[in-house]
Amino acid sequence: MFALFRSSTTFKGSVAGRCMSVVASLLRYNEFGDPAKVLRIDRETVNDPSNGEVLVKTLVAPINPADINTIQGKYPVKPTFPAVGGNECLGEVIAVGAGVNGLCVGDRVIPCTTGLGTWRSHALHMNNNLMKVPPGIDMAAAATITVNPCTAYRMLKDFVALKPGDTVIQNGANSACGQAVIQLCRAWEVNCIGIVRNRPQIDELRKFLTDLGAAEILTEEELRITKIFKEGQFRKPKLALNCVGGKNALEVSRHLDNHGIMVTYGGMSREPVNVPTASLIFKDLQFRGFWMTRWSKNNATNPKRTEMFEDLFGLVEKQGLKAPTHETVPFTDYEMAVTNALSIQGFVGKKYLLTFE
């Protein structure tokens, strides 16, 4: 893996692990467009970390839909060119500069801010842009924790005061975020009703998601005729999570209880969310939006952020939160990975993780 552009590191042998230089390989782009066409493998020399900096070797870096949209120029965040792709990763500290507190050589870390460009073998980061990962955390779970699990956590915590026995309904239940929602609901004793598209492997998908903790999995067609709420099998949902939009979101909203809230965090169908007038007047429903990037930017020093990561890492340690279905690929196979990242075939939303030597 990664043999054509092997990074080299020469250490001086100090306790801080300082090094003479590192030749890093990275996925860089200079214009918006098809990621497979505009990305290229580049190399650059990374110097010793200076005051407050940490030199990190990347171990694994996920490819998220937002990363692809950013490279395409379709995401609200517009990078400065030349840019490096990626927002999540798990790395290992190999050198620290003066004035760095809380991190040592050998620590595993994740970025706690966006826009750092994580698709690279090595990088210098400011100390306060990194978070130490507790020992024993699965690599894939750690590398993917800052986007989907955090999104799921905040949507379940910040809009409705959920109690054990309450119900949450979500579409896109087989997505990476959907899988995280299911597992958090199970941990908090909340019933999660998941909606998915029908497919040949629907029985396998139902089992996969119910094994994760879903209370019920319905196809879009079944959602239109289900009586699970009218017959009292589950309480009417107080919260709906929408990443699809269009007719699917409309059908989901019809099952919300009075004063319920639908939170939209994606638009996979590329169709708008239609809100019936009666839902606003007679059911007093609310339709809100959520963007994890904005929340992270506005809550960098909020104690809720620390609490969130403590809860999530705690669940990972207890096997209550698993990494999303994923496939690891060598960094040099990035063209295949970015091409397939938005056109996954199969019954779950598989995530590609770039690996480095």
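Around G172, which amide H atoms from residues at least 5 apart in sequence, or from another chain, sit under 5 Å from its own amide H, with H modelled in the peptide plane?
Amide H to amide H, under 5 Å and 5 or more residues apart or across chains, G172 pairs with I195.
I want to check the label-to-label distance for E310 and K247. Put each point 7 Å from Cα in the C-beta direction and report it in nm to one decimal.
Label-label distance for E310 and K247, simple model: 4.8 nm.
Subtracting the Cα-Cα distance from 0.36 nm times the residue separation, let me have the gained length for K132 to T80 in nm, one decimal. Show your work: numbers first, answer last.
Values: separation 52, 0.36 × 52 = 18.72 nm, distance 2.77 nm.
The K132-T80 span can extend by a further 16.0 nm.
Which order do M268, M292, M155, M336 take when ranked by solvent-accessible area (1.4 Å probe, heavy atoms of all protein chains), largest first?
Ranked list, largest accessible area first: M268, M336, M292, M155.
Take the Cα of E189, step 7 Å along the line toward its Cβ, and report every residue of the range 156-175 whose backbone nitrogen sits under 14 Å from that point.
Those under the cut-off are 162-167.
Can you list residues whose amide H is under 5 Å from V22's amide H, if they're 5+ apart or on another chain and H is modeled 1.01 Å from N?
Excluding prolines and chain starts, which carry no amide H, the hits are V46.
As a check on your grasp of the helix formula, calculate [θ] at 222 nm for the chain: sum -39500 (n - 2.57) over DSSP H runs of n ≥ 4, divide by the residue count, round to the nearest 500.
That comes out to -7500 deg cm²/dmol.
Grab the Cα-Cα distance for W291 and K230, subtract it from 0.36 nm times how many residues apart they are, and report the gain in nm with one decimal. Kindly include the intermediate steps, with their values, before the conclusion.
Values: separation 61, 0.36 × 61 = 21.96 nm, distance 3.24 nm.
18.7 nm is the gain from fully extending W291 to K230.
In sequence order, what are the phi-derived ³J(HN,Hα) couplings for the range 277-291 according to the Karplus relation 6.51 cos²θ - 1.76 cosθ + 1.60 with θ = phi - 60°, rounded to whole Hz, with x for glycine and proline?
Going residue by residue, I get 4, 4, 5, 7, 7, 8, 9, 6, 6, 10, 10, 10, x, 9, 9 Hz, with x marking Gly and Pro.
Which entries in the list K322/K350; K163/K207; K163/K238; K236/K322 go over 18 Å, if you measure between the two C-alpha atoms of each?
Listed pairs above 18 Å: K163/K207; K236/K322.
Apply the Karplus parameterisation 6.51 cos²θ - 1.76 cosθ + 1.60, with θ equal to phi minus 60°, to every residue of the range 224-236 and state each ³J(HN,Hα) to the nearest whole Hz, in sequence, with x for glycine and proline.
Listing the rounded values in order: 5, 10, 5, 10, 4, 8, 5, 8, x, 5, 9, 4, 4 Hz.
For the range 210-298, compute Rh as the Kirkwood radius over C-alpha pairs and then the Stokes-Einstein diffusion coefficient at 37 °C and 0.692 mPa s; write the answer in µm²/s, rounded to an integer.
Once the numbers are plugged in, D ends up at 232 µm²/s.
Report P(r) for the range 30-110: all Cα-Cα distances, bin width 5 Å, range 0 to the bin holding the largest distance, values in whole percent.
Pair shares across the bins are 3, 13, 19, 19, 17, 14, 11, 4, 0.
Taking N as the number of residues in the range 162-220, what is its Cα Rg relative to 2.2 N^0.38 Å?
Compared with the compact-globule rule of thumb, the range 162-220 sits at 1.02.
Starting from the amide H of Y352, placed 1.01 Å from N in the peptide plane, find each other amide H under 5 Å away whose residue is 5 or more places distant or on another chain.
Those lying under 5 Å, H to H, from Y352 are I63, E327.
Could I have the simple spin-label model distance between I281 and K318, label points 7 Å from Cα toward Cβ, reported in nm to one decimal?
About 4.7 nm separates the two model spin labels.
Do any trypsin sites (Lys or Arg not before Pro) in the range 202-279 lie in a DSSP loop with no more than 16 other beta carbon atoms within 10 Å, and if so, which? Spell out each step's value before the answer.
On the way: sites: R206, K207, R224, K227, K230, R235, K238, K247, R254, R270; in loops: K227, K230, R235, K238, R254, R270.
The qualifying sites are K227, K230, R235, R254, R270.
Just in the range 47-151: which trypsin sites (Lys or Arg not before Pro) are loop by DSSP and have at most 11 other Cβ atoms within 10 Å?
Answer in residue order: K74.
Efficiency by 1/(1 + (r/R0)^6): what FRET value for S50 and T301, r their Cβ-Cβ distance, R0 = 22 Å, to the nearest 0.05?
With a Förster radius of 22 Å, E is 0.40.
Need one number: the % of Cα-Cα pairs in the range 277-357 sitting beyond the 18 Å mark.
More than 18 Å apart: 70 percent of the Cα pairs in the range 277-357.
The values are calculated or read from the model by the stated rules, or taken from the named source; none is laboratory data. These figures come from a predicted structure and were not determined experimentally. All Cβ positions, even for glycine, are placed from backbone atoms using ideal geometry, and neighbour counts span all protein chains on display. Calculation scope for accessible area: heavy atoms of the full protein, side chains included, ligands and nucleic acids excluded. Shrake-Rupley method; radii C 1.70, N 1.55, O 1.52, S 1.80 Å.
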